[in-house]
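One structure is given below, encoded as structure tokens.
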Amino acid sequence: GNETVVMGSIKQVISIKWLEFDVINFTDITIESEDIYKLLHCHGYNYQKTFQQIKEIHSTMLSGKLRWINNWTVHIDCMLHTNNQKTRKSMLNVPLSIERLSIDPILHRQLVKETETLDNDQIILDLKVNPNLRAIRCGGV
């Protein structure tokens, strides 16, 4: 239809100042892709195969791994899935806004090239979450 889905501005930046943060290492359990999407399905999310690109997430919800399938929409959506994992309620959690989204395609391409032959021809990128900064990083995003 004729609904507005996204509003904002796009500007080219010469240098992106990335939020640098480390993941605090707790003893945690790795949750695999199949279990992640079973859990999300129980909470009312019905992600189809293309959008099931979280490879794993740690039980602390502070780090994990995403598959890169050469699709920015899927990649960013999967980053947002990690926020859904933090919600322990049995209700849908839909983000209403994104305060800031920075994409460095050159850095992303470099990270993709570094990892593309490591896991059965899958490209796996590290995911970091900092709940204090309300920030998620994966690849060049």
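The values are calculated or read from the model by the stated rules, or taken from the named source; none is laboratory data. Keep in mind that what you see is a predicted model, and the values were worked out from it rather than measured. In this analysis, Cβ positions are derived from the backbone assuming ideal geometry, glycine residues included, and neighbour counts consider all displayed protein chains. Quick note on the areas: whole protein, heavy atoms, side chains included, nothing else; ligands and nucleic acids left out. Shrake-Rupley method; radii C 1.70, N 1.55, O 1.52, S 1.80 Å.
Looking at the stretch 48-61, which of its residues are open to solvent by 50 Å² or more (accessible area, probe 1.4 Å) and either touching a Phe, Trp or Tyr at 6+ places or on another chain (Cβ under 7 Å) or modelled with pLDDT under 90 (or both)? Lay out the reasoning, then the answer.
To start, the set of residues in the stretch 48-61 that are open to solvent by 50 Å² or more (accessible area, probe 1.4 Å) comprises 48-52.
Within the stretch 48-61, GLN48, GLN52 qualify.
Those residues that are under 18 Å from PRO131 (Cα atoms) and assigned to a loop (DSSP other than H, G, I, E, B), I need them from the stretch 42-73; list them, please.
The answer is SER59, THR60, MET61, LEU62.
Given (1) modelled with pLDDT of 85 or more; (2) crowded, with 17+ Cβ neighbours inside 10 Å, where does THR73 come up short, assuming only one miss?
(2)
Among residues belonging to the stretch 82-141 that are among the small types (Gly, Ala, Ser) and over 18 Å from GLU56 (Cβ atoms), point out the one that is modelled with the highest pLDDT. It would help to see each step written out before you state the result.
Pass one, the stretch 82-141, residues among the small types (Gly, Ala, Ser): 90, 97, 102, 135, 139-140.
From what is left, the residues that are over 18 Å from GLU56 (Cβ atoms) are 90, 97, 102, 135, 140.
Working: SER90: 52, SER97: 77, SER102: 86, ALA135: 83, GLY140: 91.
Top of the filtered list is GLY140.
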